[in-house]
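The values are calculated or read from the model by the stated rules, or taken from the named source; none is laboratory data. Fair warning: this is a prediction, and the values are worked out from it, not measured in the lab. Don't worry about glycine lacking a Cβ; one is built from the backbone with ideal geometry, like all the others, and counts go over all protein chains shown. Just so you know, the surface numbers come from the protein's heavy atoms only, side chains and all, with ligands and any DNA or RNA stripped out. Shrake-Rupley method; radii C 1.70, N 1.55, O 1.52, S 1.80 Å.
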Amino acid sequence: MINNKQICIIGGGSSGLTSIKACLEEGLKPICFEKTDKLGGLWRYRDDDTDELASVMKSTIINSSKEMSAYSDFPPPKEFPNYIRLSRILVFLSTRSGSWIIHRVGPKGKPFDDKYLRRSWNVIWLHGPYKLMNYLTERHLNSRFDHAAYCLKPKHRIFEQHPMINDALPNRILSGTVTVKPNIKEFTENGVIFEGEDKEQKVDVVILATGYKIEFPFLDSKILSTQNNQVELYKYVIPPNLKHHSLAIIALTQPVGALLPIGEIQARWFALLMANKIHLPPLDQMIRDVEKKMDMMSKRYPKNPRYTIQVDWIPYMDEISSLIKAKPNLMFLFFTDIKLFWKCFWGPCLPYQYRLKGPHSWQGARRAILSQKDRILGALKTADKTRKQSYTAAEHA
Ligand SMILES: NC(=O)C1=CN([C@@H]2O[C@H](COP(=O)(O)OP(=O)(O)OC[C@H]3O[C@@H](n4cnc5c(N)ncnc54)[C@H](OP(=O)(O)O)[C@@H]3O)[C@@H](O)[C@H]2O)C=CC1
């Protein structure tokens with residue numbers, strides 16, 4: 001039945017537009033009054049600053065997902081990102097192997113390394129069935145977001161490839177500000193062609209985040225040479241073949257964990273060597289150790305120049321610290337200081353553990369280990385007026 005009622009609709013934004021449609025469906029005559037020359041209202045970005053006209057920002061991303069925000073008879077196209085964005089800037093992430101993505105924010109909002117770099121986990125990891133360890137860890141990561149659905153799932157297992165630490169990426173992909181693409185097949189004059197595609201994709205800027213080349217151009221190749229990122233260093237620090245072992249390369253490792261404490265423990269070891277307080281083993285023993293590490297690397301990781309200096313954080317820190325007798329003695333702690341043992345075994349493997357004993361041990365190490373939680377949570381209590389300063393190394397000094 002035609003109803004000749006005229007309906008005045010003020011505003012041609014998302015509410016106005018849906019009101020027009022509802023009126024038309026009922027045979028009413030809607031008349032929409034829109035102040036500007038464009039439809040879309042608030043959701044239409046405008047560059048000009050007009051009084052009383054609100055507009056979203058260029059970077060705005062809608063905060064309800066596309067399917068849940070859809071008009072009831074108008075599903076959005078599948079090409080649209082799940083969180084619709086306004087920005088027209090497109091970023092392509094080209095990856096030939098994919099990657100496992102770890103978030104900085106771990107369970108209960110604590111840093112992820114606080115949760116996972118623990119001796120307790122390390123025991124499970126070292127002694128648990130390798131495939132099961134991979135499976136459970138991958139399942140945990142996929143519970144956050146499914147790497148296969150996001151085109152990021154690598155061919156390699158989680159413990160066989162260096163992961164990426166990134167909190168933003170899944171958000172970006174879901175919002176369409178980053179689009180995952182395979183490897184680049186070729187560069188063209190104005191863009192690139194990705195593998196599996198024929199069409200050129202125009203791009204303005206290409207960022208090659210393709211890693212490091214390990215080279216020492218300031219050293220004579222007789223002293224230290226590298227080939228395809230392979231570098232022969234005893235414990236990743238000392239060139240074994242030199243007549244005088246007076247050269248150390250500090251922190252040339254790739255751990256899943258912090259690099260600074262690794263550099264520190266290596267430097268402490270080398271300083272003791274230089275002070276003649278400890279000594280290196282014979283050359284053949286050093287060479288065997290280098291070869292053993294290379295062999296382990298080639299069995300575990302893809303054959304790729306990216307995997308030549310990979311170390312597991314706790315085992316490596318323990319290895320170097322035991323050379324200087326600074327590796328914590330957990331058995332001793334178990335019988336003499338159960339509280340500290342508990343923190344050292346079940347809590348994060350903090351660098352202070354390597355100052356509990358050995359040369360230049362630090363009296364404040366125990367307290368630093370026991371009070372670590374205060375410093376983690378203290379950093380978050382920025383709105384707590386009663387918060388007290390926690391114990392720090394500076395205070396100790
Ligand atoms: N990125 C970061 O946030 C941080 C990095 N670091 C350290 O800095 C160093 C460098 O890191 P980063 O720059 O991320 O490099 P990485 O070596 O970690 O990663 C390089 C990436 O580029 C890819 N790649 C390399 N060559 C090519 C190629 N020819 N074609 C296509 N893809 C290629 C690799 O793929 P594939 O896996 O297939 O080889 C890999 O995904 C590392 O030691 C890292 O540990 C330290 C702190 C933070």
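A compact table of results
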read-out: Residue among 342, 346 that is among the hydrophobic types (A, V, I, L, M, F, W, C), at pLDDT 95 or above and in contact with a Ser or Thr (Cβ under 7 Å, 6 or more places away or on another chain); value: 346
read-out: The one condition in (1) without any contact (Cβ under 8 Å) to a residue 40 or more places away in the chain; (2) within 26 Å of residue 124 (Cα to Cα); (3) within 14 Å of the ligand (Cβ to nearest atom) that residue 298 fails to fulfil; value: (3)
read-out: Which numbered condition residue 202 misses (of (1) open to solvent by 40 Å² or more (accessible area, probe 1.4 Å); (2) within 12 Å of the ligand (Cβ to nearest atom)); value: (2)
read-out: Residue, farthest from residue 251 (Cα to Cα), within the stretch 294-328, restricted to residues that are of a type in the set (S, T, N, Q) and not in a loop (DSSP other than H, G, I, E, B); value: 298
read-out: For residue 102: the one exception among (1) under 30 Å from residue 204 (Cβ atoms); (2) within 15 Å of the ligand (Cβ to nearest atom); (3) among the β-branched types (Val, Ile, Thr); (4) surrounded by 15 or more Cβ atoms within 10 Å (Cβ to Cβ); value: (1)
read-out: Extreme residue, nearest to the ligand (Cβ to nearest atom), among residues of the stretch 225-261 that are open to solvent by less than 30 Å² (accessible area, probe 1.4 Å) and not in a loop (DSSP other than H, G, I, E, B); value: 255
read-out: Those residues of the stretch 317-360 which are open to solvent by 20 Å² or more (accessible area, probe 1.4 Å), within 22 Å of residue 280 (Cα to Cα), touching a Lys or Arg at 6+ places or on another chain (Cβ under 9 Å) and not charged (D, E, K, R), in sequence order; value: 323, 358, 359, 360
read-out: Strands (runs of 3 or more DSSP E) contained entirely in the stretch 115-198, each with at least 3 residues that are surrounded by fewer than 16 Cβ atoms within 10 Å (Cβ to Cβ) and free of Cβ contacts under 8 Å to residues at least 60 places away in the same chain; value: 184-187
read-out: Selection from the stretch 302-316 of residues that are of a type outside the set (S, T, N, Q) and either over 15 Å from residue 236 (Cβ atoms) or within 9 Å of the ligand (Cβ to nearest atom) (or both); value: 302, 303, 305, 306, 307, 309, 314
read-out: Total residues in the stretch 140-161, condition within 14 Å of the ligand (Cβ to nearest atom) and acidic (Asp, Glu); value: 1
read-out: Some residue of the stretch 214-224 being modelled with pLDDT of 95 or more, surrounded by 14 or more Cβ atoms within 10 Å (Cβ to Cβ) and away from the ligand (no atom under 14 Å from the Cβ); value: no
